[in-house]
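See below for the structure under consideration.
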């Protein structure tokens, strides 16, 4: 019984080691555009979830990240504006659907 556990443990360790050694040439690191998109989606989600409260807090969060990462301000502005538009539109569509069901 112990030999079965040892074999399973060794197999799992080998699998983890193989997964951990990803070839650096085939590892797809996110591009700067993807990083900006992900960040803006998160900020937009947080902003919409807060009901649009604390606009200054969200703006300072964007500015701080933009400076830390040395991102292009126009790219960040466009990407975050688009993310906010999409999130707001999504919420509005769902609110309308809920209102229609309530009638």
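The values are calculated or read from the model by the stated rules, or taken from the named source; none is laboratory data. In this text, all values refer to a predicted model and were calculated from it rather than measured experimentally.
For the reader, a short list of remarks on this structure follows.
- Failed item, numbered, when residue 30 is tested on (1) at pLDDT below 90; (2) part of a loop (DSSP other than H, G, I, E, B): (1)
- Filtering segment 54-103 to residues that are under 23 Å from residue 33 (Cα atoms) and not in a helix (DSSP H, G or I) leaves 70, 71, 72.
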